[in-house]
Amino acid sequence: MPDDVVLETRKLTKEFHGFVAVNGVDLRIRRGAIHALIGPNGAGKTTVFNLLTRFLPATSGTVIYRGEDITQLRPAAVARRGLVRSFQISAVFPKLTVLENVRVALLRGLGTSFHFWRGQKSLGVLDGRALELLAAVDLDAYAHTITVELPYGRKRALELATTLALEPEVLLLDEPTAGMGREDVGLVVALIQKISAGRTILMVEHNLPVVADLCDTITVLARGSVLAEGNYAEVSRDPAVLEAYIGAEP
Amino acid sequence: MIATEPAFVPAGSRRSGIPWGYAVMVAVGLAAPFLVYPVFAMNVLCLALFASAFNLLLGYSGLLSFGHAAFLGAAGYVTLETIRRWGLPVELAILVGTVVAALLGMLFGVLAIRRSGIYFAMITLGFAQVVYFLVLQMPWTGGEDGLQGVARGKLLGIVSLQGNLAMYYFVYAVFLAGFWIIHRTIHSPFGHVLRAIRENEPRAISLGYDVDRYKLLAFVISAALSGLAGSMKALVFQSATLTDVHWHRSGAVVLMTLLGGMGTPMGPSVGALLVTALENYLASYGSWVAVLTGCVFIICVLAFRRGIVGELGALVRRSF
């Protein structure tokens, strides 16, 4: 179903004081796909993420999510619509317990997040669901550990559990396996596969075997523009891609 | 109470020291006017509430305001002026002072919260200087003299507050109420979100929280409680002076909070007690007080960065 596009950008452009970081990028992310965004360092991958989630304002171009133009929304409003991102460095709340981390995400659905007079026990109703989410990423045994004490791979798993608590429709994962040992990479790949059911995932990833394993569609960015798009076999044979990665004569 | 808690919540191993702390605080507070000069004790309580309100912002939201004296001082002036000019009952005058501080906090907050770190601190300082200047220049505030000799009046029209003992227990009750509100706020769903914002703001945004609104509410609550403290303080001394709107006061509250232990519930009160006691007992040394408190501050930052209560808490956790 090529027309079932959940997230789309049209001529998305970002300039920083004359330097064009993202240059007229057109992306079409199909519903239910695992879509990778790859490219050499400085290609503008993370900037695209920041533009999609409104952490940075675009210089020009539009972002369309479920048929709605979200280019002018506030970042929190984008997240509330179900387009949720992760970060390159692990995005956890370090001094909160593992359970509390997930609870922060669930709390928004409760509608009491401004209630400064309500007691802590009112949050107890969230604990069941929070533990369920933790169990899904094998962290239920760590529920009461202070997050800063978790090993790195577990922190990334917690981050996924927290993100999933929002029931996002589209997940944007920024280098989910960055800085991980091989066993942890395997764990995260399995996790992503597991959570991809019924969702759309757009990920920035440097680890090409991971991309080859997971992703249906790959978009290659270089110097802020789309260089190639297709499945792994197509993209990895593309001469322009090889040139951008390996480097060619000037 | 424990039975109503979900079974997997640990029996509060991290919190076991705190109820004792509260019990000691309540007992010391009840006995204080018989142990020390009541006006000194009242001054400590007012500043302890002020520092606790400040701590809600610095310790639990990660916002360093450098203009909190504006709320303390302005509320004091407003409370006394409404008593003097309109003869408002004490409770109402305190309420008016608190509301004015909250509105002032709203104004500061709306404009300052877009920035963070040093810029936030600078904007709040700038606003506080404007308030200081207004207080100095406006006709009704008495300029350099401040407002003097305003009678404390009667609580609910019945209990005379002219006596220091009655006044003390009134201040103490207000302190406990303010302290309870802060405690409640920290442990509320709102407080949960605040801690998340302090820990990792971009992540809180990516979870769909408009963090500025949460920070603003925290700022307004903190300003209102600082105003409450200021209203009470002015009433205690029956005067409102420039000292309480001066930026020195904004600095002192940072000192109290850090010395006692930022982000601990009791820390700011302990800090307020220490700083006030230092100022009081060293008063005969004149301007050397500033030098000495400065030294204390440096020692504190170098030797025990978590503050007195923070270090004690860590010690208790290590040994049990």
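Each reported figure results from applying straightforward, stated rules to the coordinates on display, with no laboratory input. Nothing here was measured: the structure is a model prediction, and the numbers come from that model. Please note: Cβ atoms are built from the backbone with ideal geometry, for glycine as well, and neighbour counts cover all protein chains shown.
Points to keep in mind about this one:
- 0 to 90° range, to nearest 10: angle between helix B:211-237 axis and chain B longest Cα axis: 40 degrees
- Across segment A:72-112, Cα-Cα distances exceeding 13 Å account for 65% of all pairs.
- Cβ-Cβ distance of A:S60 and A:Q88, R₀ of 25 Å, FRET efficiency by 1/(1 + (r/R0)^6): the value works out to about 0.50.
- Taking label points 7 Å from Cα along the Cα-to-Cβ direction, B:A177 and B:E201 give a separation of 3.4 nm.
- Mean per-residue shielding of peptide A:71-84 is 3, counting Cβ atoms of other chains within 10 Å of each Cβ.
- With a cut-off of 15 Å between beta carbons, the residues surrounding A:E132 carry a summed charge of -1, where Lys and Arg count +1 and Asp and Glu -1.
- Estimated FRET transfer efficiency when R0 is 45 angstrom, pair B:W20-B:L134 (beta carbons, to 0.05): 0.50
- Cα centroid of segment B:246-303 to Cα centroid of segment B:74-119, whole Å: 24 Å
- In sequence order, segment B:72-83 has phi-based couplings of 4, x, 4, 4, x, 4, 4, 4, 5, 5, 5, 6 Hz under the Karplus curve 6.51 cos²θ - 1.76 cosθ + 1.60, θ = phi - 60°, and Gly or Pro positions carry x.
- Measuring spread by the Cα atoms of segment A:188-250 yields a radius of gyration and Dmax of 13.2, 45 Å.
- About the centre of its Cα atoms, the protein assembly as shown shows a dipole size close to 1280 debye [charges on the beta carbon of Lys, Arg (+1) and Asp, Glu (-1) only; nearest 20 debye].
- On Cα atoms only, tilt of A:127-136 relative to the major axis of chain A in degrees: 40 degrees
- Model label points for A:A178 and A:N231, set 7 angstrom from Cα along the Cα-to-Cβ axis, are 2.9 nm apart.
- Segment B:97-136: translational diffusion in µm²/s, Stokes-Einstein, Kirkwood Rh over Cα pairs, 4 °C, 1.567 mPa s: 123 µm²/s
- On the principal axes of its alpha carbon atoms, segment A:57-200 extends 47, 45, 26 Å, with the longest extent given first.
- Model label sites at B:V289 and A:A190, defined 7 Å from Cα along the beta-carbon direction, differ in position by 6.7 nm.
- Total lysine pairs whose alpha carbons fall under 18 Å of each other in the protein assembly as shown (8 or more apart, or interchain): 5
- Taking the Kirkwood radius as Rh and the Cα radius of gyration as Rg, segment A:1-140 has a ratio of Rg/Rh equal to 1.04.
- For segment B:136-217, trypsin sites (Lys or Arg not before Pro) are listed when DSSP marks them as loop and at most 13 other Cβ atoms sit within 10 Å of their Cβ; the list is empty.
- Over the C-alpha atoms of segment B:36-245, the Rg to Rh ratio, Rh being the Kirkwood estimate, stands at 1.00.
- Mean silhouette area of the protein assembly as shown, derived from the convex hull of its C-alpha atoms and averaged over all directions, reads 31.4 nm².
- With viscosity 1.567 mPa s and temperature 4 °C, the Kirkwood radius over alpha carbon pairs of chain A converts through Stokes-Einstein to a diffusion coefficient of 68 µm²/s.
- Average partner coverage of A:105-115, which counts Cβ from other chains inside 10 Å: 5
- Sorted peptide list for A:142-151, A:173-182, criterion being average Cβ within 10 angstrom, highest first: A:173-182, A:142-151
- At the listed q of 0.17 Å⁻¹, the Debye profile of segment A:93-149, built from one uniform point per Cα, gives log10 I(q)/I(0) equal to -0.54.
- From helices alone, chain A scores -10000 deg cm²/dmol at 222 nm; the rule is -39500 (n - 2.57) for each run of n ≥ 4 DSSP H residues, then divide by the residue total.
- Other protein chain C-beta atoms within 10 Å of residue C-beta, averaged over A:118-128: 4.
- Axis angle, to the nearest 10 degrees, between helix B:307-319 and the longest C-alpha principal axis of chain B: 30 degrees.
- Over chain B, DSSP H runs of length four or greater, each weighted -39,500 (n - 2.57), average out per residue to a 222 nm ellipticity of -24000 deg cm²/dmol.
- Peptide packing for A:218-224, B:157-163, B:230-236 was compared via the average number of neighbouring C-beta atoms within 10 Å per residue; ordered from the highest value, the list is B:230-236, A:218-224, B:157-163.
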